[in-house]
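The values are calculated or read from the model by the stated rules, or taken from the named source; none is laboratory data. Being a predicted model, the structure only gives us computed values, none of them experimental. Please note: Cβ atoms are built from the backbone with ideal geometry, for glycine as well, and neighbour counts cover all protein chains shown.
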Ligand code: GAL
């Protein structure tokens, strides 16, 4: 009942819902209003699609009269989707809603006038009380709120293959307690003839970099990288980049042609020992039938502070969306306790709502709930929480050049410092 009321309150919803479906269910474009809602994400395959499917199932129960149109564009972390989205927005062809990260990434769309304030949705659904302050502040700009979160992911997790570690004489049940110990383990693994650390294309390398920066700098200095209070050309950043260089030296050389599921797969296949990746990886392990502890282990890259590398997926109401009432229905589903429960169970993330009972969540997600509540929060670079799309793209390019051997460490650090100076100006 709540949902039907929501559409009435939103004005004009029922009229729109009564129209015949005329969207393009082929998945590219469509969204011409009527009785459909085109949802643009990058959850196109594997465990990510399974997460989206879980959400779509709840949507079909809550809004049986609205057709879901899948506008997913493949490529982890939106590596292909974001460019495609920008072309569509600039061409005046927005989907009904699109996935965006809470935080600095959202500001790009806000500044360009591409998304609309959804404060009224928060008021009607009581969402200000449902989400934690940490998250609300990353969704808010000048007092307005521009998107609705579906989940919270953690970016700074080291995943390990229990079998590969054991085979190399490393006890998987005892995580390393310092960066030096972790680096020694990588040497041991290399000597054992396995890939010590799997990684994939540029954005996953940035994901690795941010986890190292968090561990080496600690929360306060890491967060200072994004407000100018920590210098990117400081000695502590040099140390982190040295660790990054060492780790990249221990990765698979075919990395640039791979996406995150390929790097995770190397642990599943037993050809690599470790992978640093966001906790969507746990959904891939589960999908492959692996069990925590017995088959895979996880821990935070060791450092001075206990840190939760934060990111959240959220959904927007684009300016000029063909079917804004359909969008509002989607926002209702993804923010509802039912939607958040179904989605996050499948996705490896934790509910953004604080009132969803996570007692039935698997072991890994329970640990993420605890970490989010107790540890320091640091915004992810690779997933739009700390940096704008432009800043992230520049970091990714500089990182690719460095890992491809086209720049040395000093030039890389200088490039990162220059990029920060430009973006903080
Ligand atoms: C992140 C996104 C996650 C997951 C990941 C890999 O940016 O927030 O939900 O999809 O990319 O594609």
_Qualifying residue in segment 192-213 (condition: assigned to a helix (DSSP H, G or I), more than 21 Å from the chain's Cα centre (by Cα) and farther than 24 Å from residue 389 by Cβ)_ = no
*If you go through segment 283-292 one residue at a time, do you hit one that is free of Cβ contacts under 8 Å to residues at least 24 places away in the same chain and either within 16 Å of the ligand (Cβ to nearest atom) or closer than 21 Å to residue 195 by Cβ (or both)?*
yes
*Report yes if some residue within segment 304-311 is modelled with pLDDT under 95, away from the ligand (no atom under 16 Å from the Cβ) and surrounded by fewer than 19 Cβ atoms within 10 Å (Cβ to Cβ); otherwise report no.*
yes
*Would you mind stating whether residue 265 is in contact with a helix residue (DSSP H, G or I) (Cβ under 8 Å, 6 or more places away or on another chain), within 17 Å of residue 158 (Cβ to Cβ), within 16 Å of the ligand (Cβ to nearest atom) and free of Cβ contacts under 8 Å to residues at least 40 places away in the same chain?*
yes
*Of all strands (runs of 3 or more DSSP E) completely enclosed by segment 36-121, which ones contain at least 1 residues that are within 12 Å of the ligand (Cβ to nearest atom)?*
97-101
*Would you check if there is a residue in segment 139-162 being assigned to a helix (DSSP H, G or I) and farther than 30 Å from residue 238 by Cβ?*
yes
_Yes/no for residue 17 being at pLDDT below 95 and in contact with a helix residue (DSSP H, G or I) (Cβ under 8 Å, 6 or more places away or on another chain)_ = yes
*Condition test on residue 336, is it crowded, with 17+ Cβ neighbours inside 10 Å, over 19 Å from the mean Cα position of the chain (by Cα) and more than 27 Å from residue 224 (Cβ to Cβ)?*
yes
*asked:* With the requirement that a residue be out of contact with any strand residue (DSSP E or B) (no Cβ under 7 Å at 6 or more places or on another chain), under 24 Å from residue 126 (Cα atoms) and within 16 Å of the ligand (Cβ to nearest atom), what does segment 347-405 give you?
replied: 351
*Would you pick out the residues in segment 122-165 that are within 16 Å of the ligand (Cβ to nearest atom) and under 30 Å from residue 189 (Cα atoms)?*
153, 154, 155, 156, 157, 159
